[in-house]
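Worksheet: the structure to be examined is printed underneath.
The numbers here are math on the coordinates, done by the rules we state, and not lab data. This structure is a prediction, so every number in the text was calculated from the model and none was measured. Please note: Cβ atoms are built from the backbone with ideal geometry, for glycine as well, and neighbour counts cover all protein chains shown.
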Amino acid sequence: MRTAAREQISPYQLIALLFFVRLVPRTLVCPTTMTVPRTQDLWLADAVSALLAVGFVFVLSRLGQLQPDRSIVQYTEDLLGRPVGLVVGTLLAAYFFFVGVYTARMLGEAFNMSIMPHTPNLVFIAALTLLAANAARSGLEVVARTGEFLFPLILLVLLLLLVLPLDQVDSTRFLPLLRDGLGRVIPATSIEFMFYLEFVIIGLLAPHLRVPEKAARFTVLFTAANGLMMTAMCLVMVGIFGPTLDTLGIQAFLLARMIRVGEFFERVEVVLLASWVLSTGVKIALIIWAFCATVRQTLNLYRWRHLPYVTAALLIACSQLFFDDVVHMGRLLAEPWTVTSVTFILGLTALLWIAQLVRGGGDAD
């Protein structure tokens, strides 16, 4: 049964949190362009990965509905047993931790590449991560309310980023399409889909939803809409930057710099910088909460309030230790991490679905 002490979030807050989860890797340092030799095909990777993500989110949400008031850590233990549940919980915690590490490093690199090249990225990472840890320590409701408040503002910035530079789009930069075949787009599709797999956090958020029976509908619709938006953003970037897109590390920032309306509306990249900080702060706070929740549920901890600050300290240290520079980070995300995360998350989801079918029979239909 749902306990009175359990934190609750609304469907709107859930959508807002998922929005920030997917937005951050698109608007900061995006490694996808490194894997596509012909950038005119890049938008196809966004479209195909979004379709795959819809199916993934539907299965994940249905699993949550079939195990009401149980997180993915808890119903993994119910379906597969305590030993397997302990292993899966440990791997999930490691997964969320690494997501937090590269998210924090992306922010630091984005600021170095945009406006502060001589300031150590550790300064930006440490300041934001510690603030995010404080929000995570206050609980999911605080993080959700922050996301709820910022969601329409950041969404407006993103829409302006898409609409205002449309007059500079050159349609010839979309051709020729698939000249080298669909196989050359698969690596980029895998990377984009890898970022969508961060939606596995739905498995932790669903038990806190006030109307858990509507989780599948809300999350699937949002994933489809988000996929359309990410694809549209990619189309705009390809239409403006063309073949030079794969040489640009912070495409969204450069896109914002090109926006000018008349003689009075320009320099909107400052607004984008603020959006970077706010959206990344919400995501890191959510990831820290998810890591702590996974550890707490896996080990059955009752006292966990110290974990967010310890987690933040480890995130800051590992963000410096794991990556030599932005190129190394991009290559690591594009190759070994994509294969590892796709294999683990999809394998876990399939295993849980099969276990639910075996145990629940027709209940999973």
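Here is how the number arises for the chain: DSSP H runs of 4 or more residues each give -39500 (n - 2.57), the sum is divided by the residue count, and the result at 222 nm is -23000 deg cm²/dmol. Protection proxy ranking, highest mean first, for peptides 94-102, 147-155, 81-89: 94-102, 147-155, 81-89, where packing is the per-residue count of other beta-carbon atoms within 10 Å, averaged.
Note on TYR309 and ASP69: with the Förster distance fixed at 30 Å, the Cβ-Cβ geometry gives a FRET efficiency of about 0.55.
Label-to-label distance, HIS118 versus ALA94, with points set 7 angstrom from Cα along the beta-carbon direction: 4.2 nm. Taking 7 Å steps out from each Cα toward its Cβ at ILE186 and VAL327 produces label points 2.7 nm apart.
Segment MET258..PHE174, full-extension length gain: 28.3 nm, with 0.36 nm per residue of separation and the alpha-carbon distance subtracted. Length available on full extension from ALA224 to THR244: 0.36 nm per residue minus the Cα-Cα distance, which gives 4.3 nm.
Taking the square roots of five times each eigenvalue of the Cα gyration tensor of the stretch 274-351, the equivalent ellipsoid has semi-axes of 24, 20, 13 Å, listed largest first.
Annotation: amide H of LEU209 within the under-5 Å range of ILE9, sequence separation 5 or more or interchain, hydrogens built in the peptide plane.
What the Cα atoms of the chain give is an Rg and a Dmax of 20.1, 66 Å.
Per-residue packing, averaged as other Cβ atoms within 10 Å, sorts the ranges 199-205, 73-79, 344-350 into the order 199-205, 73-79, 344-350, beginning with the highest.
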